[in-house]
Every structure is written in C-alpha cells, then in structure tokens.
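As structure tokens, the structure follows; a few thoughts come after it.
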Amino acid sequence: MKMKRASLKYSQQIVSCTKSTMVATDFYLPDDCWEYVKFLIMVGYRLHLNFVSVVSKRFLSITNRLRFSLAIYGITYPFLTRLFLRFTNLTSLNLTCYSFDLNNLLFEISRFPLKLTSLNISNKSIIPTNGLRAFSENITTLTSLTCSHISCINSTDLLVIAECFPLFEELDLSSPLECNNDQLLDEVERVSLVITTSGLISLVITTSTTNCFSTCSKILSFSRWPSGFAAMVPQLKSLQLDHNPWLRDESIIMIASIFPNLQLLDLTHCYEISEGICQVLKRCCKIRHLKLAYCSKLKLLGMNFEAPKLEVLDLSNTMVDDETLYVISKSCCGLLQLLLKNCYHVTEKGVKHVVEKCTKLREINLKGCFKVHANFVASMIFSRPSLREITAPPGFDSSEKMKFYLSHNCFVW
C-alpha cells in the first residue's frame, strides 16, 4: 500500500514537472511578439512602459532597444554614460531644454559611438559652433539639424554648419530673433559653395520678428547667389517660406529657377505673392503640394499650362473666384485635395468645374464658402465618385443624410 502511494506521488510529481515545462515552453514569445504587445499597450491604452519594465526584464530589454529619441535636461547630464550605454539605437537627440553649456554637452556626446541622424538645439541664445565642430568629428551620420528660435545668428554660423555637416537633408533655421551682421548674405553665398549635390533636401527659413525681415529678404532674394548654385542643389524637394510677408513675385520666381525639383512649397501668409506663382508652377513642374493660404493678392488666371503632378492645393482664405477655379480645373486635373476654406467669392459654378474635371479628387473643403448652397453636396458626390471627404459649406445639415453619403463611401462634415 505504501509502495502504491509513493509510486502515485512520484507520478504526480513527474506530471507536475512536465506541465510546468510545457507551460513555460507554450508561453514563450519571440521578441517580435513582445514588441507588438508593447505597441498595443502604448497605442491602445496610452500607458508609459517604465512601470511595466520594472517588473519584466524582457520588456526592459525591448524598450531599451526600441527607444530611438531622447531629450536631455540639466539633471540628465550626470547620467549620460548610463543612458547612451542603455539606449544603443538612438537616432535623435533633443537638447532644447538643456540650459547649461551646450558646447560642452555636444563635446561629451561626441565621445559616444552614436549613429544619430537628427539633432535639435532650438531656443538658444546662439548657435554652439565649437560644440558642433567637435560633434561632427565623430558623429558623421547627422542628416537633420533644427536651430529654430535662436536669439542671434552670426555671420559665420551658417558656414560652420555647412562645413561640419555637408550632407544635410534637412536644415531648420526658422524664426531667428535677430540677424546681427550685414555680412550674413555673404556667408550664405559661401554656404552654397560648401553644400554638395548629395546634401540639402529640405530648407526651412521663416521669420517671426519684424527686425529680421530686411536681412532675410536679402538672403532669399537670391540676387547675389552664385550662378552655379542651381546646378549644386537641384535636389531640394521641400521649401517652407511661410509667414514671410516681405516675399514678392520676383523672389519666388528666382526660387523656382534655383530649385526646379521642388515637390512641396509652403507660402502660407505670404501676403505679397500675386501672379508669380504661375511662373513657379511652370518652372517647378514636379510640385505635388502647394500651400497658398492667406495669400490675399493671389492671381492664378495666367495659368495657361498643365500642372499634372499637383495633388494638394491649399487656397484657404484667399480671394479666388469661379474664374480661378475654372483655370485650375483645366490645368490641375490630377488634384487629390483642394482646400477652399473661407473663399467667399466661390460659388457652385466654380466648384462644379473642379468636381467635373479633376477626376481623381478625393477631398474638398468648402467651409465658410457662403455662396455655395448646402444642397450642392449631394450633386458633388454623384458627379465625382472618387470623393471620400467633403467639408460642407454653411447651412449643411448632415443628420438626416449621413447614411446616404456613407453608402457612397464619402464622409461629409
């Protein structure tokens, strides 16, 4: 009897041990699965993973490997070594909130074998040129530098940046508070000779203060830029010049001749732009995204050519009318998105031209277009089946008709 009980107990132990082994094996998940679990936690439940990592070494290992960006503060500085050894896949650093010696910080960062592609040093009094030189000696993978809202940009800053990082794809020098040297234009000329053909893809220069308009106007007038500059940076594809009221037609025409391969051009709040935009579209035939919101003097009637690659056109808060929309319908047949918010001179006649001729149109915004009748929405959906989203004109009531519009795969706001 005792032998049977011992045998039974031994069998139970074997079964228990086998089950434990099977459970451990059955619940093993590869790292890819854990990464997906992490994604669900972050997106679905909006939780930070610090607390999960504390109780799970597997999660800790995964979160370390999947962190690609890091913001450094003053209290972070003593722990740089630990942080960079822990997060080995960092590609982006944000130093905007570091209020101490930025040159020294950049020197310390350069000592680590990081493969950074993006660096943000905005909101500083000056550009830390000495630190950037040290940084660039060991970290050569940088393709994006953000230096927005710098208090003072000196004449040599742009040259240092170009010399340190000749293979830039994106450079943001927006909203400088002061340009304190009349020789800044000369340095921009020298910068244009340093940047190579494999470099600058996106240039952002916007201003927020009046005292900088005159200097930056000289910079972007391009009147004194080298004649060979067009051949040196033809690959520039994204140019943001929004909120620059000093820009005029002659300036943007020159921009078009220098950067013929532009695909995105933002001229929002450039109040003096008028007929010159037609020349821009003619010279930059690859433009896909054009932002002209708040350009109150805008005129497109001289657009007597095709712009087949233009997909997104923002004319919000402009003076465009039915005649302008007729010209657009003939020249921009490939439009996917047309924004006409608060275009008070537009009526059903002009919108009808666009809806009929632009056969790929998927989205149109008519918010604030008081001369477009609300009942015209149904007609638009019938005449252009490709429409997927309509921001309706004033007076539209979608409560009773929503099922009808959804049945035609079009969402109406």
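Every number in this text was worked out from the coordinates using simple rules, so none of it is lab data. Since the structure is predicted, the reported quantities are computational estimates derived from the model, not experimental observations. Every residue, glycine among them, receives a Cβ derived from its backbone with ideal geometry; neighbour counts consider all protein chains shown.
Taking a threshold of 21 Å on the Cα-Cα distance, which of the pairs Lys309/Lys349; Lys282/Lys367; Lys349/Lys371; Lys282/Lys349; Lys297/Lys341; Lys299/Lys349 fall above it? It would help to have the intermediate numbers written out before the result.
Numbers: Lys309/Lys349 25 Å; Lys282/Lys367 29 Å; Lys349/Lys371 10 Å; Lys282/Lys349 26 Å; Lys297/Lys341 16 Å; Lys299/Lys349 19 Å.
Beyond 21 Å between Cα atoms: Lys309/Lys349; Lys282/Lys367; Lys282/Lys349.
At a 10 angstrom cut-off on C-beta neighbours, averaged per residue, how do the peptides 121-132, 104-115, 270-281 rank from highest to lowest?
Values: 121-132: 18.4, 104-115: 16.9, 270-281: 20.5.
Per-residue mean Cβ counts within 10 Å order the peptides as 270-281, 121-132, 104-115.
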Review point. Based on the Cβ-Cβ distance of Phe382 and Glu272, what FRET efficiency does E = 1/(1 + (r/R0)^6) give at R0 = 51 Å, to the nearest 0.05?
Key: 0.80
Practice item. Once you have the Cα-Cα distance between Lys297 and Tyr344, take 0.36 nm times their residue separation minus that, and quote the gain in nm to one decimal. Key: 15.5 nm
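Would you work out if the stretch 300-413 is rounded, prolate or oblate? Take a ≥ b ≥ c from the square roots of the eigenvalues of the alpha-carbon gyration tensor; rounded if a/c is under 1.5, else prolate when a/b is larger than b/c, oblate otherwise. Let's see the in-between values first.
On the way: a/c = 2.16, a/b = 1.42, b/c = 1.52.
Here the stretch 300-413 falls in the oblate category.
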